[in-house]
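Here the structure is laid out as structure tokens; the discussion comes afterwards.
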Amino acid sequence: MVLKRHMREWFAVGHPTPQPGSGGNIRLMSASDKVAPQGCCEGRVIAIRLVAACLLTLAAVRMPVLAASAASVLVKQSLAPYVPTPEDVVDRMLRLAKTTKDDVVFDLGSGDGRIPIAAAKVFGARGVGIDIDPRRIEESRVNAKAAGVEHLVEFRLGDALEADVSTATVVTLYMLGSGNAALRPVLTKQLRPGARIVSHAFSMGPSWPAEAVDHFVSARGDEVTLYLWRADGTFRQ
């Protein structure tokens, strides 16, 4: 915007406007086109070169930043690709955690919000969903309103690896093994002793064996494994 303002000011005080020439290039108006003070054309050349240099500098600065930001989002989403958990598996996860109306259920990578919504609707618990995709957050809020539990749940746009989960009494996960491994120090540092963690399909690795493992066949015929841990105040890297 500053650059555009300087250009407008340059031409507003009587400097001739660059005209299009052949081949799509910029041709400066010559003395035969318009009478101009001596040295004016040279000044226009300097101004245009300055503009070009500024644009190139801005591009060089912004492009790496934008590329890094996009790459960061892709990496974070790759830890938890969006695959909705079937409703009967959601119910089984919450029952494995022995969810009650006194719990605060955090779902990390909450997708369409089905786990916090089920925790509120079926068990009367409070639910918090965290997802990095704004489309999923909006979808979750619509779903919560349709289910009549918007007063019990909230959905936050954010990175699960940077979330404050210290108020959770139950945490549900459906991430890849790499996502669980990345979350292990976050969860064990923040959760209070007694908080339960339930993961669909993936463990926390050999350094933290599950307290309980639930194997079953889902309603659509899939073999499902759920893992349960209980925070004990020990930090695990």
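The values are calculated or read from the model by the stated rules, or taken from the named source; none is laboratory data. As the structure is a computational prediction, the values presented were derived from the model and not from experiment. Heads up, the Cβs are rebuilt from the backbone with ideal geometry, glycines too, and the neighbour counts pull from every protein chain shown.
Pairs are defined by a Cβ separation below 6 Å, a sequence spacing of at least 6 or placement on different chains, a first member in the stretch 155-178 that is in the same structural domain as Arg196 (by TED's automatic domain parsing) and hydroxyl-bearing (Ser, Thr, Tyr), and a second member that is buried (at least 24 other Cβ atoms within 10 Å of the Cβ) and not in a loop (DSSP other than H, G, I, E, B); the pairs so defined are Thr172/Met93; Thr172/Asp107; Thr172/Ile115; Thr172/Val198.
Residue count for the stretch 185-204, restricted to those that are over 22 Å from Val89 (Cβ atoms) and either touching a Cys at 6+ places or on another chain (Cβ under 9 Å) or not in a loop (DSSP other than H, G, I, E, B) (or both): 5. Taking the condition touching a Lys or Arg at 6+ places or on another chain (Cβ under 9 Å) and either among the basic types (Lys, Arg) or at positive phi (or both), does Gly194 pass? Yes, satisfied. Between Thr172, Thr167, Thr188, the distinction of being loosely packed, with under 14 Cβ neighbours inside 10 Å, of a type in the set (Val, Ile, Thr) and either modelled with pLDDT under 95 or closer than 30 Å to Pro134 by Cβ (or both) belongs to Thr167 only.
Here's the yes/no breakdown for (1) more than 25 Å from Asp102 (Cα to Cα); (2) not in a strand (DSSP E or B):
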{"residue": "Arg156", "(1), (2)": "no, no"}
{"residue": "Ala168", "(1), (2)": "no, yes"}
{"residue": "Gly179", "(1), (2)": "yes, yes"}
{"residue": "Pro206", "(1), (2)": "yes, yes"}
{"residue": "Ala219", "(1), (2)": "yes, yes"}
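Within the stretch 129-153, residues that are over 21 Å from Leu173 (Cβ atoms) sit with their Cβ atoms under 8 Å from residues that are in a loop (DSSP other than H, G, I, E, B), at 6+ positions apart or across chains, in these pairs: Arg141/Gly113; Arg141/Glu150.
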